[in-house]
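Below is one structure, written out as structure tokens, with a few remarks after it.
The values are calculated or read from the model by the stated rules, or taken from the named source; none is laboratory data. Keep in mind it's a predicted model, so treat the numbers as computed, not measured. Because the Cβ atoms are built from the backbone with ideal geometry, glycine has one as well, and the counts that use them run over all protein chains shown.
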Amino acid sequence: MALYTPPLNFVSKVVVNSPMTYTNFATWKAANNNLSWTNGLPRPYESIEITNGEPQDPEPGAPNLWAPPTRINPRSYMHHDAVFEMRTSIRGESGNQATYDDSGCLIMDTIAAGSADRFAPINRLGIARWNTLHRDFDVYPFIRALQLDGNASGIVGLQGWPDTLTRPALFQGEHTESYRTLRPTIN
Amino acid sequence: MRTIITLLLPFGVFFHCYAYEIPVGTNTLDVVFESDKLSSNVMNRIVSDIIVCRQAWSNSTVVTFSTGRPGGYINDLNVQVSPYGFLGAKFPQSVVTNSSGKLALFIPAELSTRYIEAFSFTNIHSNVYQQAILFVDRLQSPELANTSQEKVRDLVFSPGVTESQYIASAYEILTDIQRQTYYYPSVLGFWKANDGEAASSHTNLFVLIPQSSKHPHAPHQLFDVMPAIWHDSKWKLWQPGAAEPSGKTEP
């Protein structure tokens, strides 16, 4: 009997998750299919200047749409390859995020790119907000999507505003793409 | 949904039985303690914290008693998402039969010892402990919405934020605070920071306040904790300051 030989590019993986992970992700998807909140979010700067390894604020004054760039924790794994990020101040309840590589170029694709936040994580004072909405509606769904696509990524700590995964994402599949549709990169 | 399977225990081990009950849906579990040297104060606090967990998990909790383990076990999807996780302690999950023949949650000596150690701190700082309870009452009060802009700085603290910035952001801060449900802190939740950004000229005494989101579309009720800091002889919700608060206003 001849054995079936899969093509070399055939890759299979078995993903095992808690059923709650799928249920919670599906519930989130159903409740988040209206993207009108993304209308009018500021577009990011195409690049930022890096001087002596430090990012320079491209918008030090008016119109004050974006907070100054900050360096991303290299071990956060949330947006791999991204070295710097910028976030808008709150618009309504939402905000935009842009990520940049080590040369200051805007990252526009894959999960390394920034994504729009239904609930902006920082307030107008530039500090984390005193609620968990960003965590519950923007961060946890992303992590569930990664897990449903076969990534063994968990959160380091649960307190407040988690921004660190236990390990990098290796797979970008249908759930991650669903997430990116509902939390789009706006360039 | 809750599923409870009554089980016959394979062995008859009886532990110290007191008049404590944990509500689990429409049922209750008794509570038994491995240690027989606990004060009523310690037992009260342990049971209170467990009830807070059950209260916050609410109806989303799925509880089963597995017959696969000697004595039974609470298999609860939310057990790992509880204030206990933040406090470096494990939520008690073992179920035994007490001397009355009822199912009872078993409190191991390891956990009660941690409470005894924590009490040595809250006994010394009884005022700040009581103030933490009152602070949670205030956060939960409908009167919170009437807090004046000038008084918002009595509720929150972040290094580097000026009085005028608190006033300018008062509405936003109050709105954020009111989006959470707060629960009384555990005696395990108090600590003094030895160093770092909090150990400044202000204070270094903290408490973790359990909380969960009120948002109706939250996929399921998650516990979290928010640290509060003892500052100006008051508890205030704490956030580490931005390295350089932007001070930017909403466009």
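Anything in the stretch B:145-162 that is farther than 19 Å from B:Trp230 by Cβ and away from chain A (no Cβ under 12 Å)? List them, or say none.
The answer is B:Ala145, B:Asn146, B:Thr147, B:Ser148, B:Gln149, B:Glu150.
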Criterion first (among the hydroxyl-bearing types (Ser, Thr, Tyr), over 19 Å from the mean Cα position of the chain (by Cα), closer than 23 Å to B:Asn204 by Cβ and surrounded by fewer than 18 Cβ atoms within 10 Å (Cβ to Cβ)) does B:Thr162 satisfy it? yes
Kindly provide the set of residues from the stretch A:105-126 that are at the interface with chain B (Cβ under 7 Å from one of its Cβ atoms) and either in contact (Cβ under 8 Å) with a residue 40 or more places away in the chain or not in a loop (DSSP other than H, G, I, E, B) (or both), ordered by number. A:Gly126
Using the structure shown, decide if B:Tyr115 is assigned to a loop (DSSP other than H, G, I, E, B) and closer than 25 Å to B:Pro92 by Cβ. no
With criteria (1) surrounded by fewer than 18 Cβ atoms within 10 Å (Cβ to Cβ); (2) at pLDDT below 90, A:Asp101 comes up short on (2)
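Considering A:Asn24, A:Asn17, A:Asn33, which residue is assigned to a loop (DSSP other than H, G, I, E, B), under 21 Å from A:Phe119 (Cβ atoms), modelled with pLDDT of 75 or more and not hydroxyl-bearing (Ser, Thr, Tyr)?
Working: A:Asn24 fails: assigned to a loop (DSSP other than H, G, I, E, B); A:Asn17 fails: under 21 Å from A:Phe119 (Cβ atoms).
Checking each option against the conditions leaves just A:Asn33.
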Taking first residues from the stretch A:127-147 that are small (Gly, Ala, Ser) and second residues anywhere that are assigned to a loop (DSSP other than H, G, I, E, B), the pairs with Cβ under 7 Å that are 6 or more apart or on different chains are A:Ala128/A:Pro121; A:Ala128/A:Gly160; A:Ala128/A:Trp161; A:Ala128/B:Gln239
